[in-house]
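What follows draws every value from the coordinates through simple rules; no lab data is involved. A quick note: this is a predicted structure, and the numbers were derived from the prediction, not measured. As a convention, Cβ positions derive from the backbone with ideal geometry for all residues, glycine included, and neighbour counts pool all protein chains shown.
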Amino acid sequence: MEVIVLPTSADVARRAADVVLAGLPAASGTGPHDAERHDPVLGLATGSSPLGLYAELARAVEAGRLDLTRARGFALDEYVGLPAGHPESYREVLLREVCRPLRLAPDRLFVPDGSGTTERELASAAVEYERGIAAAGGVDVQILGIGANGHLGFNEPGSSLASRTRVKRLSDRTRRDNARFFGGDVDAVPTHCVTQGLGTVLDARRLVLVASGQGKAAAVAAAVEGPLSASCPGSVIQWHAEAFVVLDEAAAARLRNRDYYDASAAGLSESPTP
Ligand code: GLP
């Protein structure tokens, strides 16, 4: 796990974009996971945390450094029960924040289907979603935020570390946190969601978690330095072999091992000559 702490959220967005770009299969086939060439597959998070990162990736598209015309994007999660086209459904959010600015065709965006009205319908759509990710060859880079309660995607505290895409109930805390997207009305926030599981997230070849602001400091400390535990779903990143955590100063404020992370981020350049 690499923990990178930078002065501002703008710095976080820029560095995280570089880490995402470096994890995607290069057109020339020289990326880190290019033993078999394949079209890029991006794992997409919603929420406010990755918006700056998406804006940076859009700049890379404009500059010709990133081409997502053959890519696929898989969302982490979706609300259950919002009408099709609801502006706060994650499909609509990702069409707005990712597809248009990054020139990813809408039919290359995949979002868990939260339109089912029975547990059975929702469960079978979740299984289909897993099949879709597998058929695409798996996710190259999964972009992640983290909830103030440590949730990843919508995997609330108590989620199995091995879980797959499924229906989950949202915690009261998450519904309160997300009410801001629903005009401040907690009752307008759906009670359930379909979310990739923590096991699904772990299957991605690279994880890039971004967090900014002091409201995330406790969750970040628990995820990065706490015990690996279902009580903090974000802690599952410790189990991944290629996880990057990119933070601003405020989000990093409660990390105890900060000196080590800063020294590691400096690379070999500051090491004494043997
Ligand atoms: C949302 C999403 C998560 C996101 C988290 C944090 O509800 N389901 O994927 O990481 O909560 O959101 P934000 O970045 O707005 O703080």
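Which log10 I(q)/I(0) values, to two decimals, does the chain give at q = 0.08, 0.09, 0.14 Å⁻¹ under the Debye formula with one point per Cα?
-0.30, -0.39, -0.98
Mean separation of Cα pairs under 8 Å and 6+ residues apart, divided by the residue count of the chain: what relative contact order is that in percent?
About 24 percent, as a whole number.
Using the Cα centre of the range 4-128 as the reference point, and only Cβ charges (+1 on K/R, -1 on D/E), how large is the resulting charge dipole? Debye, rounded to the nearest 20.
About 440 debye.
Return the long-range amide H neighbours of LEU144 (sequence gap of 5 or more, or a different chain), with a cut-off of under 5 Å between placed amide H atoms.
VAL208, LEU209, VAL210
Where does each of ILE133, ILE143 land when they are ranked from fewest to most other beta-carbon atoms within 10 angstrom?
ILE133, ILE143
Could you tell me what percent of the DSSP beta bridges with both partners in the range 118-218 are antiparallel, to the nearest 5?
55
Order these by the 10 Å Cβ neighbour count, fewest first: CYS99, CYS193.
CYS99, CYS193
Size of the dipole of the chain about the Cα centre, Lys and Arg at +1 and Asp and Glu at -1 on the beta carbon, nothing else charged, in debye to 20?
Roughly 160 debye, rounded to the nearest 20.
Could you work out how much longer the chain between SER124 and ARG96 gets when fully extended? Use 0.36 nm per residue separation minus the Cα distance between them, nm to one decimal.
7.4 nm
Based only on other Cβ atoms within 10 Å, what is the fewest-to-most ordering of PHE110, PHE154, PHE244, PHE181?
If I rank by nearby Cβ atoms, fewest first, I get PHE181, PHE110, PHE244, PHE154.
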